[in-house]
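All remarks here apply to the structure that follows.
Read-outs throughout are calculated quantities, based only on the coordinates presented, and are distinct from any laboratory measurement. Everything numeric in this text was worked out from a predicted model, so none of it was measured. FYI the Cβ positions are ideal-geometry reconstructions off the backbone, even for glycines, and counts take in every protein chain you see.
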Amino acid sequence: MNDDTPGLATADDLELELLNFDTPYDEDIAIEQAKQQLRPRFMIIERSLAAQFPDLSRVKVSFEIPYEKFITAMDGLDDGDSIGQMDALLTLMGPRQADQIRSKGFVAAMAFTVKFFECWQKLVGVADMGESKSSSH
């Protein structure tokens, strides 16, 4: 039942009631469908990451974030604090871009920051644990 109006079922409630949890389904297919509905699509444009969200809105964020700003934003965060790191990275992207990305929901915001960080790693040639692909041993 809908919590807002006692006694009145919503379409979502009725749909939920019709689900048969005894019927097998492919979770991988369900996850892929949810990804298509929630995650942005990406392109690298010049020195920026551009994204188009499922609602067709777009954002572009430069990879060039000043070093001191990055260090200050990350200072005091634990290595395991992925939510804090995500939020700090969004804040560094600029208030308009950060607000736009945050407004798309947690999955879209996490997808954007993960992609942004992956691109940073590729731009600097990080292979593994801070080593450069071109470094010699």
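What to note about this one:
- Packing around the peptides 110-116, 37-43, 19-25, 71-77, taken as the average count of other Cβ atoms within 10 Å per residue, puts them in this order, highest first: 110-116, 37-43, 71-77, 19-25.
- The relative contact order of segment 16-63, computed from alpha carbon pairs under 8 Å that lie at least 6 residues apart in sequence, is 23 percent.
- When you filter the GluC sites (Glu not before Pro) in segment 31-87 for DSSP loop state and at most 14 other Cβ atoms inside 10 Å of their Cβ, you are left with E46, E64.
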